[in-house]
Amino acid sequence: MEFKGKSLKDRDFKEKNILYTDWHVKAHYAWDCGVALSKFFEGLKEGKLYGRSCPECGRVVIPPRMFCELCFKPTDKWVLLKDEGRINTFSVSYVNTDASRREKPNVPAVIEIEGASEGMGILHLVAHPEKIEWENLEEVLSMIKIGTKVKAVWKPSNEREGAITDIKYFVPVKEE
Amino acid sequence: MNERVAIIGVGYTQLRPVSSDVSFREMIYEAAVRAYEDAGIEPRDVDTFVAISEDYHEGTAIFDEYVPDQLGAVLKPVHTITQDGLTALASCVMQIKTGLFNIAVLEGHSKASNILYPSHIDAFALDPVTVRPLGFNPVFLAGLEMQRFLVETGNTEYHCGLVVAKNRATAIKNPIAAYPAEISIEDVLSSNPVSFPLKELDIARKADGAFVIVLAKESVAKRLSPYPVYVEGVGWLQDTPNIEMRDLVSSLYLTGAANMAYREAGIRNPIREIDFAEIDDTFSYKELQHIEFLGIARPGESGEMLEEGYFDIDGEFPVNPSGGNIGCGYMYDSSSLRGVYEAVLQLRGFAAERQIPDVETALIASWRGIPTASGGVVILSNRE
């Protein structure tokens, strides 16, 4: 199909045949984690998951926060939680952040942490229990579903830095 | 709805150069708890929330999504304004005036200390093809404007230094101020040149902190608060983005915003009908320019009036009894909420050591900072 006008090629940008701006803004930020997330990340460094409980509604929330966003009261206790939970929901992703296709999919999931209140979960990856990478959708669906029990796989303690990536991923485990 | 709108609660945090011990959430929560306690309400009583933020100042895209939790606004009507604080206050007033909302909450905060390259963020705001490629640090805009303003009006660098000395000293009596100090005019004049004639101490330093303000329609305000402060007029507007085409002598954005607010408040003679003002002083000369183009002094007269003590906290028309941005710290678009907070304390008679006696009407005027020419004006009063 013919369109009016002149089509643009990559070299038109490179050779500056068109007006084109490219500005690398130095948008660099420190990030004050504050009391709640600092304790959460300290815990991750030690291989522990900390939640926080609300004296008003009794919910145990993770990631922890210093106030309950529903009761608007200060939370008042640290609660050490297990590093396992159940899949609230998951997806099987075939695209990277730059929109390129993945040959093998990865599996982002919301994991409801055991000991926290219902609906309280963290976002993380779920990996194949033996070979880590998933081959395809069918393989994922054959091993995990909503409600599947999963357990954290941690980085070795000398590699942990107090970051969400100190947990490498979660893997499905057998029901006891 | 013909009822007036009143401020019935104010909450603050200490303003500080850095605040690495608290997250933005924990900081805002502290201010919100104070504001709700002050207003005698719970967040469930609030009908609508308005927040101020600019993604490039926050460090995430779509920052407005981060607003609800720390205000108790989960699953409530919330919207964010990427504009100056007084424009956001006007939005609260307008929402209440529709008759659909009784109580509105306004939030503004700054985590300026987390922005590692603030000049680069300012530069990104400049026109990408006509200005940015020239490679200046954006503070040159203040130098250009200060130069033209001083030459045209006859005010001097000495007067600008006096603004700084006044505001830093006034801030000594303000317990929330980040930069109180006794400094001399000579200190200002001999500080490092930044962009002639602008010097280092002419520039307000940045601060972290948060303010939350509760507004309600008059009938609700009277029921809840023993000392409602009424919003008698609001105005806001913007000049052209083309820096080269702006009037660099006159801050026309404030003349226009003030005329809008004065008209609504029925003010004909601002200097006689208003008792004190909180006016943007992000750069020292801005306080003088804003005083003149708000109609408080005639062009060229503010410097001499300042020398005579006219704008001192115990003068005839106190300007920046809080210490202003220079004394308290610049909080980007939330700076003007500090002005509102100060005005409410003064109008309630709660300003302790820095209380101005017998005040009834206050003016708050904001400027959105480099490279903008937008601003807002709010008139507050404690008159029944």
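Structure values in brief
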item: Protein heavy-atom accessible area occluded, B/A pair - total, 1.4 Å probe, Å²; result: 2500
item: Positive-end residue, the range A:71-176 charge dipole about Cα centroid, Cβ charges, pick of A:SER157, A:HIS128, A:VAL79; result: A:VAL79
item: Of every Cα-Cα pair in the range A:32-172, the percent that sits beyond 17 Å; result: 62
item: Rg followed by Dmax, in Å, when the range B:281-322 is reduced to its Cα trace; result: 9.4, 25
item: Label point distance in nm, B:ARG148-B:ILE62, each placed 7 Å from Cα along Cα→Cβ; result: 4.0
item: For the range B:131-211, radius of gyration divided by Kirkwood radius, i.e. Rg to Rh on alpha-carbons; result: 1.03
item: For chain B, calculated [θ]222 nm from helices alone, where every DSSP H run of n ≥ 4 adds -39500 (n - 2.57); result: -10000 deg cm²/dmol
item: Estimated 222 nm signal from helices in chain A, with DSSP H stretches of n ≥ 4 weighted -39500 (n - 2.57), rounded to 500; result: -3500 deg cm²/dmol
item: Calculated Rg and Dmax of the range A:90-176 using C-alpha coordinates, Å; result: 13.6, 41
item: Global size of chain B as Cα Rg and Dmax, reported in angstrom; result: 19.4, 58
item: Among beta bridges that DSSP assigns inside chain B, antiparallel share in %, nearest 5; result: 75
item: Chain B - percent relative contact order, Cα under 8 Å, separation 6 or more; result: 25
item: Alpha-carbon Rg/Rh ratio, for the range B:260-368, with Rh computed the Kirkwood way; result: 0.93
item: Placed amide H near B:THR80: partners under 5 Å, 5+ positions off or other chain; result: B:ALA51
item: Entries in A:LYS77/B:LYS222; A:LYS16/A:LYS104; A:LYS48/A:LYS145; A:LYS16/B:LYS111; A:LYS48/A:LYS131; A:LYS16/B:LYS199 that, when Cα-Cα distance is taken, lie over 32 Å; result: A:LYS77/B:LYS222; A:LYS16/A:LYS104; A:LYS16/B:LYS111; A:LYS16/B:LYS199
item: In the range B:299-384, the trypsin sites (Lys or Arg not before Pro) that fall in loop regions by DSSP, at most 16 other Cβ within 10 Å; result: B:ARG383
item: Carbon plus sulfur fraction of accessible area for the range A:32-172, probe 1.4 Å, in percent; result: 53
item: Sulfur and carbon atoms: percent of accessible area, chain B [1.4 Å]; result: 51
item: Descending principal axes extents, the range B:138-262, alpha-carbon based, whole Å; result: 54, 38, 25
item: Long-range Cα-Cα pairs in the range B:72-227 (distance over 27 Å), rounded percent; result: 48
item: Stokes-Einstein translational diffusion, the protein assembly as shown - Kirkwood Rh over all Cα pairs, 1.567 mPa s, 4 °C, in µm²/s; result: 50
item: For the range B:203-269, convex hull volume per residue from C-alpha positions, Å³; result: 185
item: Note, ³J(HN,Hα) from phi for the range B:70-82, Karplus 6.51, -1.76, 1.60, rounded to Hz, x at Gly and Pro; result: 6, 9, x, 10, 4, 6, 10, x, 9, 9, 10, 10, 8
item: Inter-chain Cβ neighbour average for residues B:115-124, partner chain, 10 Å; result: 4
item: Residue with peak Gaussian network fluctuation, chain A [Cα springs, cutoff 10 Å], from A:ASN88, A:ASN136, A:ASN106; result: A:ASN136
item: Selection of trypsin sites (Lys or Arg not before Pro), the range B:239-274, meeting DSSP coil and at most 10 other Cβ within 10 Å; result: B:ARG268
item: Equivalent ellipsoid dimensions for the range A:1-111 as semi-axes, Å, which come from the Cα gyration tensor, largest first; result: 47, 21, 15
item: Set of the range B:136-153 residues, backbone N closer than 19 Å to the point 7 Å along the Cα-Cβ line of A:LYS26; result: B:136-141
item: The range B:38-119: mean projected area of Cα convex hull, nm²; result: 6.1
item: For the range A:32-46, Karplus couplings with θ = phi - 60° (6.51, -1.76, 1.60), whole Hz, Gly/Pro x; result: 7, 6, x, 5, 5, 6, 4, 5, 4, 6, 4, x, 4, 4, 8
item: Amide proton proximity set for B:VAL74, modelled H, under 5 Å, gap of 5+; result: none
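The values are calculated or read from the model by the stated rules, or taken from the named source; none is laboratory data. All of these numbers come straight from a predicted model, not from anything done at the bench. Positions of Cβ are backbone-derived with ideal geometry, glycine not excepted, and every protein chain shown enters the neighbour counts. Remember, those area values only see protein heavy atoms, side chains included, never the ligands or the DNA or RNA. Shrake-Rupley method; radii C 1.70, N 1.55, O 1.52, S 1.80 Å.
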